[in-house]
Amino acid sequence: MVLSRTIGSDSDDSVHSTFASRYVRTCLPRFRLAENSIPKEAAYQIINDELMLDGNPRLNLASFVTTWMEPECDKLMLAAINKNYVDMDEYPVTTELQNRCVNIIAHLFNAPLGESETAVGVGTVGSSEAIMLAGLAFKRKWQNKMKALGKPWDKPNIVTGANVQVCWEKFARYFEVELKEVKLSEGYYVMDPEKAVEMVDENTICVAAILGSTLNGEFEDVKRLNDLLVDKNAQTGWDTPIHVDAASGGFIAPFIYPELEWDFRLPLVKSINVSGHKYGLVYAGIGWVIWRNKEDLPDELIFHINYLGADQPTFTLNFSKGSSQIIAQYYQLIRLGFEGYKNIMENCRDNALVLKEGLEKTGRFNIVSKDTGVPLVAFSLKDHSQHNEFEISDMLRRFGWIVPAYTMPPNAQHITVLRVVIREDFSRTLADRLVSDIVKVLQELDTLPAKVTAKIEISEEKGIEYKTELEVQRKYTDAWKRFVANKRKINGVC
Amino acid sequence: MVLSRTVHSDSNDSLHSTFASRYVRTSLPRFKIPEESIPKEAAYQIINDELMLDGNPRLNLASFVTTWMEPECDKLMMAAINKNYVDMDEYPVTTELQNRCVNMIAHLFNAPLGDTDTAVGVGTVGSSEAIMLAGLAFKRKWQNKMKALGKPCDKPNIVTGANVQVCWEKFARYFEVELKEVKLSEGYYVMDPEKAVEMVDENTICVAAILGSTLNGEFEDVKRLNDLLVEKNAKTGWDTPIHVDAASGGFIAPFIYPELEWDFRLPLVKSINVSGHKYGLVYAGVGWVIWRNKEDLPEELIFHINYLGADQPTFTLNFSKGSNQIIAQYYQLIRLGFEGYKNIMENCRENAIVLKEGLEKTGRFNIISKDDGVPLVAFSLKDHSQHNEFEISDMLRRFGWIVPAYTMPPDAQHITVLRVVIREDFSRTLAERLVVDIEKVLHELDTLPARVNAKIEVCEEKGLVVDEGELDVQRKFTTAWKKFVADKKKTNGVC
């Protein structure tokens with residue numbers, strides 16, 4: 001008689017499906033490294049499941065950053081995921097692709113280059129790094145100029161509008177440059193060129209104009225700024241330059257507004273940054289900064305890396321990083337070409353108009369954004385007495401949409417807007433659906449007249465602390481307004 | 001009678017396979033954006049083919065940066081590729097994962113945290129950004145201190161060894177801090193703690209020690225530096241702190257050298273950076289910086305981003321970036337756990353010793369690296385009269401290996417080394433194969449005695465300008481190389 005004995009398979013975890021195993025019974029480590037390893041399937045499943053509770057990137061209408069690319073490009077990116085971009089000698093083709101992108105973008109911006117001249121520029125992790133590099137170049141150039149003139153150079157400043165993205169504030173604070181902001185006013189949400197030029201003084205290292213304000217998508221009038229600054233420079237002899245923050249607009253204007261003069265066609269524009277991961281149509285993690293020519297980038301800021309004798313100049317804040325986004329940018333530039341980008345931007349603009357008209361038809365909203373500029377729709381309620389934009393934003397989340405509400409920077413902080421960014425992958429169908437969902441939200445809000453006020457009355461009567469959704473929302477709104485009043489930077493969207 | 005007519009299909013490119021189409025006959029755009037679109041298959045194929053001429057990342061023995069991850073992790077990374085990490089309100093779980101990584105790494109470094117304290121730290125794109133943030137915090141803290149004392153605060157400096165990675169030079173130049181370097185000497189290739197402490201003055205914002213020098217993998221003696229600096233601080237009252245650049249060593253020392261005191265156990269260590277993409281075993285693009293506690297990170301450097309009322313403090317140079325490396329780092333931390341990392345580091349160390357012994361057996365090399373430290377083998381030729389390390393490096397490329405040769409920084413610039421970094425995916429089989437290939441290269445070089453000299457003699461005799469032979473070009477590189485070093489340019493640009 002053969003006695004068979006089953007071996008206890010408790011310890012053989014590979015037999016159990018993940019959801020049958022002990023790994024889903026224990027709490028994930030949060031603060032300390034666990035002693036033991038766990039199987040890769042379990043690790044994958046647990047993390048994947050927790051990430052389900054993140055928002056859906058494609059429904060995130062707050063962001064300008066690309067959320068969809070063709071599968072062929074995904075394939076290229078995955079194949080390059082283990083290439084460290086900075087190893088120029090080991091990956092010469094990837095380095096070459098970066099150089100080609102820089103040249104292509106420089107020509108798109110009408111950089112004054114001869115036939116065989118190579119452009120001056122670099123790929124960065126995003127517009128934040130690009131702006132810091134451009135600012136550093138201006139600061140160093142200005143310092144050298146002041147030293148040569150024997151003047152003090154310890155108090156540089158930069159003139160921008162109050163609508164700047166937070167990375168300008170970061171640049172100012174980290175690199176010890178004073179930020180002189182031109183305040184906005186109701187109805188005028190970009191930098192006023194006249195006020196900007198007035199603020200320019202001897203210590204101004206540059207004036208920064210934005211092509212595509214994050215708040216309402218508007219393009220600033222760079223030409224007017226250029227013309228006024230040329231006049232002022234002629235009077236003062238200070239030679240103050242311009243930087244154009246074209247993070248969003250740089251991949252829009254050349255395709256659908258080619259007659260708009262904002263780039264190197266204007267003589268005072270010395271550097272431009274653009275986000276490859278916005279309308280460059282690449283996933284998050286890539287930006288570009290282009291200088292007009294070699295003189296605008298002081299040589300002392302450039303480091304020379306030498307590998308086996310091959311000299312490669314570099315000027316970036318980051319060193320090691322992945323190569324995937326560079327390759328993806330080149331893919332997009334050659335895959336789409338001029339006509340491809342043009343078609344996509346025209347589609348975005350058309351869909352933005354569809355959304356805008358749908359909202360106007362409800363009769364409940366003022367449209368704060370313009371038709372030309374970055375394809376987005378910024379809108380606010382006509383009637384604030386019963387409800388506000390934060391409530392609309394909150395209720396839209398139930399449908400899956402993420403539509404942010406913001407207050408404007410000083411001096412327009414009493415204006416709150418909702419903002420929908422139209423990206424490449426926001427089709428007309430989605431636009432129509434969003435309008436119908438907003439209509440549903442409005443209907444629901446109408447049935448709850450001033451619930452917030454009512455709750456306050458009740459709680460005051462009963463002395464109860466209500467922590468309902470709207471109560472919490474109201475707290476947020478108050479805290480929000482307090483933050484703005486304290487002049488903190490509230491606009492942190494890319 | 002029906003006359004059929006074939007429709008001309010020239011314009012219907014989707015019929016043609018990519019290599020049959022016109023797209024492979026035209027030159028790829030290099031400087032200007034092309035007017036027209038091309039099919040996605042063609043775009044993919046063309047770029048993919050050109051990239052075949054890049055080196056193979058896994059054979060790139062120059063780099064510390066991870067070149068292999070498990071397929072499950074690749075899957076997670078691809079799924080997260082369209083998530084913009086900075087959208088904290090939209091992706092709260094991804095943000096939470098970052099916070100967990102920060103806490104885990106802080107505990108790994110023995111940060112003095114209570115049970116309910118959360119660690120102070122942030123994920124960055126790499127150690128470069130991490131070091132700049134740490135340096136910025138030191139600079140601002142020092143400036144505040146000097147202002148409070150009514151002293152000048154316009155000439156900050158930082159003390160490091162000459163073996164520092166290029167990002168310290170970048171930090172110094174971009175943020176206007178003077179870099180005071182402790183020079184190396186032959187046989188001593190890291191920062192000497194005594195010399196470093198001597199160089200500390202009132203304007204020193206911090207002393208930076210390296211755990212895992214890029215040149216030879218050595219760990220600097222941070223404990224000794226701490227003890228000497230404690231004494232000096234007691235005398236001077238300057239309170240100079242220490243930063244540890246643990247880019248490589250931070251994910252090695254806690255696992256296989258746990259008794260080595262180099263982290264927050266030493267009281268003067270105020271911040272530490274580590275590269276997640278080196279021995280954190282994640283692909284390029286993630287680093288971590290941890291501060292000892294809140295006081296070491298001046299509040300004025302932190303920005304508060306407000307989305308719908310939720311306040312999130314941030315302190316990074318970069319803003320938008322992909323989320324996948326953060327998720328991959330968390331995957332590795334929970335997938336491997338302490339034992340997993342320990343096993344991998346022990347394997348790396350074993351394989352480094354196998355390689356080292358193989359090289360020693362040839363009898364032709366001096367081993368510059370130590371057994372302890374980052375698992376790498378740095379070696380140089382015993383006899384330089386006929387050939388040099390650059391030639392070996394060049395010839396190894398033919399076998400597919402990328403093994404870099406470097407000259408040491410001042411004052412040891414006459415020493416050239418070859419360096420092989422042992423990463424997780426460098427198995428013993430590959431180590432043995434590399435030794436065999438190096439022996440082949442030595443054989444071949446031996447049959448070509450001093451070819452460079454021979455060429456020069458021939459040219460001089462005949463008065464000819466000989467064609468640019470491979471070794472001639474190599475000699476030009478070597479001479480240019482030495483010139484660069486003599487010009488005191490930073491030669492070591494490897495991460």
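The values are calculated or read from the model by the stated rules, or taken from the named source; none is laboratory data. As the structure is a prediction and not an experimental result, all values here were calculated from the model. Quick reminder, even Gly has a Cβ in these numbers, built from the backbone with ideal geometry, and neighbours come from all protein chains shown. Keep in mind that these areas ignore ligands, DNA and RNA; they rest on the heavy atoms of the full protein, side chains included. Shrake-Rupley method; radii C 1.70, N 1.55, O 1.52, S 1.80 Å.
Residues of the stretch A:180-217 that are within 20 Å of A:Gln143 (Cβ to Cβ) and of a type outside the set (A, V, I, L, M, F, W, C): A:Lys180, A:Asp201, A:Glu202, A:Asn203, A:Thr204. The set of residues in the stretch B:69-121 that are in contact with an Asp or Glu (Cβ under 8 Å, 6 or more places away or on another chain), in a helix (DSSP H, G or I) and either of a type in the set (Ser, Thr, Tyr) or under 21 Å from A:Phe64 (Cα atoms) (or both) comprises B:Met78, B:Pro92, B:Val93, B:Thr94. Applying the condition of being away from every other protein chain (no Cβ under 14 Å) and over 26 Å from B:Ala137 (Cβ atoms) to the stretch A:147-179 and asking which residue is surrounded by the fewest Cβ atoms within 10 Å (Cβ to Cβ) yields A:Gly150. Here B:Asp49 clears all of (1) in a loop (DSSP other than H, G, I, E, B); (2) farther than 25 Å from B:Phe315 by Cβ; (3) not hydroxyl-bearing (Ser, Thr, Tyr) except the condition numbered (1). The residues of the stretch B:77-97 that are open to solvent by less than 10 Å² (accessible area, probe 1.4 Å) and either more than 8 Å from chain A (Cβ to nearest Cβ) or out of contact with any Lys or Arg (no Cβ under 7 Å at 6 or more places or on another chain) (or both), listed by number, are B:Met77, B:Ala80, B:Asn84, B:Asp87, B:Glu90, B:Leu97.
Against the list (1) surrounded by fewer than 24 Cβ atoms within 10 Å (Cβ to Cβ); (2) among the hydrophobic types (A, V, I, L, M, F, W, C); (3) outside any helix (DSSP H, G or I), the condition B:Ile272 fails is (1). Could you check, for the stretch A:45-59, whether at least one of its residues is over 30 Å from A:Val24 (Cα atoms) and more than 7 Å from chain B (Cβ to nearest Cβ)? No, the stretch A:45-59 contains no residue that is over 30 Å from A:Val24 (Cα atoms) and more than 7 Å from chain B (Cβ to nearest Cβ).
Residues that are open to solvent by less than 10 Å² (accessible area, probe 1.4 Å) and among the charged types (D, E, K, R) within the stretch A:333-392 comprise just one, A:Glu389. Residue count for the stretch B:157-186 under the criterion of being among the polar types (S, T, N, Q) and modelled with pLDDT under 90: the result is 3. Candidates A:Gly285, A:Gly250: the one that is within 28 Å of A:Phe379 (Cβ to Cβ) and in contact with a strand residue (DSSP E or B) (Cβ under 7 Å, 6 or more places away or on another chain) is A:Gly250.
No other residue among B:Phe64, B:Phe109 is at pLDDT 95 or above and under 30 Å from B:Leu376 (Cβ atoms) apart from B:Phe109. Given A:Ala111, A:Ala130, A:Ala134, which one is under 30 Å from B:Arg30 (Cα atoms), in contact with a Gly (Cβ under 6 Å, 6 or more places away or on another chain) and not aromatic (Phe, Trp, Tyr)? None of the other options fit; the residue is A:Ala130. Count of the stretch B:60-76 residues, restricted to those that are over 19 Å from A:Phe319 (Cα atoms), open to solvent by less than 10 Å² (accessible area, probe 1.4 Å) and at the interface with another protein chain (Cβ under 7 Å from one of its Cβ atoms), is 1. There is no residue in the stretch B:221-236 that is away from chain A (no Cβ under 14 Å) and in contact with a Lys or Arg (Cβ under 7 Å, 6 or more places away or on another chain).
The set of residues in the stretch B:398-414 that are at pLDDT 85 or above, surrounded by 15 or more Cβ atoms within 10 Å (Cβ to Cβ) and not in a strand (DSSP E or B) comprises B:Phe399, B:Trp401, B:Val403, B:Pro404.
Would you mind finding the one in A:Ser324, A:Ser275, A:Ser320 that is over 22 Å from A:Cys73 (Cβ atoms) and facing chain B (nearest Cβ under 10 Å)? Among A:Ser324, A:Ser275, A:Ser320, only A:Ser320 is over 22 Å from A:Cys73 (Cβ atoms) and facing chain B (nearest Cβ under 10 Å). Quick one: is B:Asp425 outside any helix (DSSP H, G or I) and within 11 Å of another protein chain (Cβ to nearest Cβ)? For B:Asp425, the condition - outside any helix (DSSP H, G or I) and within 11 Å of another protein chain (Cβ to nearest Cβ) - is met. Of the residues A:His243, A:His277, which single one is in a loop (DSSP other than H, G, I, E, B) and either buried (at least 18 other Cβ atoms within 10 Å of the Cβ) or modelled with pLDDT under 95 (or both)? Selected residue: A:His277, the only one of A:His243, A:His277 that is in a loop (DSSP other than H, G, I, E, B) and either buried (at least 18 other Cβ atoms within 10 Å of the Cβ) or modelled with pLDDT under 95 (or both). Of all residues in the stretch A:13-58, count the ones that are surrounded by fewer than 19 Cβ atoms within 10 Å (Cβ to Cβ), touching a residue at least 24 places away in the same chain (Cβ under 8 Å) and under 25 Å from A:Val403 (Cβ atoms). Result for the stretch A:13-58: 2. Candidates in the stretch B:343-374 are the residues that are in contact with a helix residue (DSSP H, G or I) (Cβ under 9 Å, 6 or more places away or on another chain) and over 18 Å from B:Gly217 (Cα atoms); of these, the one that is nearest to the other protein chains (Cβ to nearest Cβ) is B:Asn343.
For B:Lys321, are the conditions met, namely being at pLDDT below 95, out of contact with any Asp or Glu (no Cβ under 8 Å at 6 or more places or on another chain) and either of a type in the set (A, V, I, L, M) or under 26 Å from A:Trp168 (Cβ atoms) (or both)?
Taking the combined requirement at face value, the residue satisfies it.
For B:Leu133, the criteria (1) open to solvent by 10 Å² or more (accessible area, probe 1.4 Å); (2) more than 21 Å from A:Gln325 (Cβ to Cβ); (3) in contact (Cβ under 8 Å) with a residue 24 or more places away in the chain; (4) not hydroxyl-bearing (Ser, Thr, Tyr) hold in every case but one, which is (1). Pairs only if they're at least six apart or on different chains, beta carbon under 7 angstrom, first in the stretch A:436-448 and at negative phi, second open to solvent by less than 70 Å² (accessible area, probe 1.4 Å) and part of a loop (DSSP other than H, G, I, E, B); list them, first residue then second. These pairs meet every condition: A:Asp437/A:Trp401; A:Leu445/A:His387. Just one of the listed residues (B:Lys170, B:Lys139) is within 22 Å of the chain's Cα centre (by Cα) and closer than 24 Å to A:Leu133 by Cβ, namely B:Lys170. Considering the conditions (1) touching a residue at least 40 places away in the same chain (Cβ under 8 Å); (2) away from chain A (no Cβ under 13 Å), B:Glu259 is excluded by exactly one of them, (1). Is at least one residue of the stretch A:130-141 under 26 Å from A:Val417 (Cβ atoms), touching a Lys or Arg at 6+ places or on another chain (Cβ under 6 Å) and of a type in the set (Val, Ile, Thr)? No.
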